Amino acid sequence: MMKIKHIVALLPVWILLLYPTTLMAQKKLFTLEDLNFGGNNYANLRPENIYTAWWGNELVHTDVETCSTIDKKTGKETQLFTLDDINTWTRSNDSVFVRHLMNATFPYPDKPIVAVGNRKSVVLVDFKAKKVVWQDSISSDNANDWCARSRNTAYVKDNQLMVVDAKGTLHQLSNDGSRELVYGQSVHRDEFGISKGTFWSPDGQRLAFYRMDQSMVADYPQVDIFPRIAQYEPDKYPMAGETSHVVTVGIYDVKTGKTIYLDTPSGSVLGGIASENVSETKLPVYFTNIAWSPDNSTVYMFELNRDQNDCRLVSYDAATGKRLAELYRETSPKYVEPLHPIMFLPWDDSLFIMQSQRDGYNHLYLYRKDGKLVRQLTSGKWVVMDVLGFNKKDKTIIIQSNEKNPIQANLYAVSIGTGKRTPLDNGRGYHYGELSEDGSFLLDRYTEPDVPGCIEVKPTTGKMGTKLLTAADPWKDYQQPTFECGTLKAADGVTDLYYRMVKPADFDPQKKYPTVVYVYGGPHAHNVDAGWHYSSRSWETYMAQKGYIIFVLDNRGSENRGRDFEQVTFRQLGQVEMQDQMQGVAFLQSLPYVDTDRMGVHGWSFGGFMTISLMTNYPDVFKVGVAGGPVIDWKWYEVMYGERYMDTPQTNPEGYEKTSLINKAKDLKGKLQIITGYNDPTVVPQQCLSFIAKCIETGTQPDFFVYPGEPHNMRGHQSVHLHERITQYFDTFLGATLNDK
């Protein structure tokens, strides 16, 4: 490098001017196979990473071929065993074959036992005794819920809920399971933080599970086109304002073999809601965030009415199902959204932590188990984003929050006694944490805008730790665009909004560039944060390479900015969001290098809804749009999400009318491509087909493309095809190519 510097210093000025261009020409250009998930070279261009697991307070590097302990002070590794060792020790059973060790876990902090296996079974191997000490007896490809303490396993097979105990005895909990009567699976369409349907008690001897009766829910007529004669494969899809499902919660006792159901309030509230009978919506119909008491005797869960504005934390006797007490109630003129189960303190089972945004931001509250508030543990105009767990010795709770900056995520230890927060990271970037068994140590994984990835291990006392990995830039051999981040004011003139701008590598401020606004804009998501490249999507890099500027703005309604920031869109989805996006457009129009005659917009799902909203409400601004999986009218979207943000079509007809894009089909002027998965169970094809039908009626001309057999998002290599199609559409109608800048 020193030689190059000296040579450059002696070169004529005209050669110096060519020098950066020459270096850039030597760099590789990206393809979608490099950048896009599912691409042939995608894995090679991801930042370096290491897989790890905690074994008590020992950190283990779980690599493909080996598992090794990591010295937390020096980072030095000591091998525990190899993949060949595991397959040698498990050879007595031919059904066991372990392909890699990256998913190995160490479920017992005080025992030299590793849990390995494949999709069909779990095997416990004593790596000091070099033998299998236990193996489950399940031969099923279905995902299962294994309890380490009891070694009981719950799983669903042929629609029936099963439990296999540690001795291999099969317990069949249901006989009437079907596509209409669903046991042990996620309910309420994965809303309210629900991601599974079975919940073991701490001792693993009782199983709480969901039972969902959706026989009364209308079928959406999906079709499988791939057989010789296409087959009818309907989905149960409860639309806003229509009849929905009924959920109950069962408790199975492995020791007694008996099942009871919680005595939850019920009513006719799940039928279609008539505006003159709104009072029916007061009874709870959504049951979520199931938690157990430390002594296995009590079940806790949040119960929410259909209006989703009245939420209660309720306790039940796990032996009888009897309703014991209402411990907490939260109401709202808009909606309450319980997303997290309560957490009992490991050192005091009379106290639990509850999360709520009742003061405007998601924070932690300490309660007695009788429902009496002890104190609010965290407060401020920032959000507790996640709870990692507890440091049992120091009696702290470890959290992830954006206290430092709205687009950052940093880690803190919060004293249960005083509420004092101790920073656990460098105060920059976007951090994720994994705690050791007793919470004494933390594995800190993080990125920064110019840092692809780092991994550190450290105590949760705030002391310095040890850096295990600093990932090199995997794109160093490629031409890279520039990534910028800034703020502008929302349409209210007060609120700061964060944006990301991606510019071509050879950006020239004297030129004018076609610009694409990428948008999502909906709740529970954000696009801009302090991660690597400000968390830019790889497609943005591809577009910048082709000569575009990409602009991304997190409008009001998106996540991690507090209750009022998100709920401003209530009953009028898309309206405030568009106002904020147009503030971003005004900013772009003020930049001399943005070609305002060549401006496009693209988004998927809620972003597809926003894309068509912007194309039809501002037809003279956006010349080209690509809308993927778009919601067109919220009356065709599902009950839980749709009614939370829009109420029902019966109670909010004005809002549904105002936000419907059916009414806007006549206003389409620019080139619009709509893309959908032909078998999308999330935003059903009726949405975009209805819009196209209206366009035909009104004489407007969108383009349409479907992916047969695909759901809401394209899977595998089809995603590469999708993003090439999106790119070609902008190239064709917005007019940017590598040779046209």
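I need the full set of residues from the range 134-155 which are in a strand (DSSP E or B) and either open to solvent by less than 10 Å² (accessible area, probe 1.4 Å) or at pLDDT 95 or above (or both), in order please. Give the derivation first.
Looking only at the range 134-155, we keep the residues that are in a strand (DSSP E or B), and these are 134-135, 144-146, 153-155.
Scanning the range 134-155 gives THR153, ALA154.
Hey, among the residues in the range 316-336 that are out of contact with any strand residue (DSSP E or B) (no Cβ under 8 Å at 6 or more places or on another chain) and touching a residue at least 40 places away in the same chain (Cβ under 8 Å), which one's most open to solvent (accessible area, probe 1.4 Å)?
Among residues in the range 316-336 that are out of contact with any strand residue (DSSP E or B) (no Cβ under 8 Å at 6 or more places or on another chain) and touching a residue at least 40 places away in the same chain (Cβ under 8 Å), the one most open to solvent (accessible area, probe 1.4 Å) is LYS334.
Looking only at the range 654-697, count every residue that is assigned to a strand (DSSP E or B) and open to solvent by 60 Å² or more (accessible area, probe 1.4 Å) and tell me the total.
1
If you go through the range 394-413 one residue at a time, do you hit one that is touching a residue at least 12 places away in the same chain (Cβ under 8 Å), over 19 Å from GLU448 (Cβ atoms) and in a loop (DSSP other than H, G, I, E, B)?
Within the range 394-413 (the criterion being touching a residue at least 12 places away in the same chain (Cβ under 8 Å), over 19 Å from GLU448 (Cβ atoms) and in a loop (DSSP other than H, G, I, E, B)), the answer is yes, since at least one residue qualifies.
Within the range 233-250, is even one residue within 26 Å of SER297 (Cβ to Cβ) and of a type outside the set (A, V, I, L, M)?
Yes, the range 233-250 contains at least one residue that is within 26 Å of SER297 (Cβ to Cβ) and of a type outside the set (A, V, I, L, M).
Among the residues of the range 700-727, what is the count of those that are open to solvent by 20 Å² or more (accessible area, probe 1.4 Å) and under 11 Å from GLN673 (Cα atoms)?
7
Among the residues of the range 511-570 satisfying the criterion of being among the hydroxyl-bearing types (Ser, Thr, Tyr) and in a helix (DSSP H, G or I), which is farthest from TRP382 (Cα to Cα)?
TYR542
Please specify each residue of the range 205-224 satisfying the condition of being farther than 15 Å from THR259 by Cα, open to solvent by less than 30 Å² (accessible area, probe 1.4 Å) and touching a Ser or Thr at 6+ places or on another chain (Cβ under 9 Å).
MET212, GLN214, VAL217, listed by residue number.
The conditions are (1) in a helix (DSSP H, G or I); (2) closer than 30 Å to ASN305 by Cβ; (3) open to solvent by less than 10 Å² (accessible area, probe 1.4 Å), and TYR641 fails exactly one of them. Which is it?
It fails just one condition, (3).
Please find, within the range 483-518, the residue that is least open to solvent (accessible area, probe 1.4 Å) out of those that are more than 23 Å from GLU577 (Cα to Cα) and among the acidic types (Asp, Glu).
ASP508
If a residue must be crowded, with 21+ Cβ neighbours inside 10 Å and not in a strand (DSSP E or B), how many such residues does the range 282-315 contain?
Number of matching residues: 3.
The values are calculated or read from the model by the stated rules, or taken from the named source; none is laboratory data. Because the structure is predicted, anything quoted here is derived from the model rather than measured. Here the Cβ is made from the backbone with ideal geometry for all residues, glycine too, and neighbour counts use every protein chain on show. Surface areas here come from the heavy atoms of the whole protein model, side chains and all, with no ligands, DNA or RNA. Shrake-Rupley method; radii C 1.70, N 1.55, O 1.52, S 1.80 Å.
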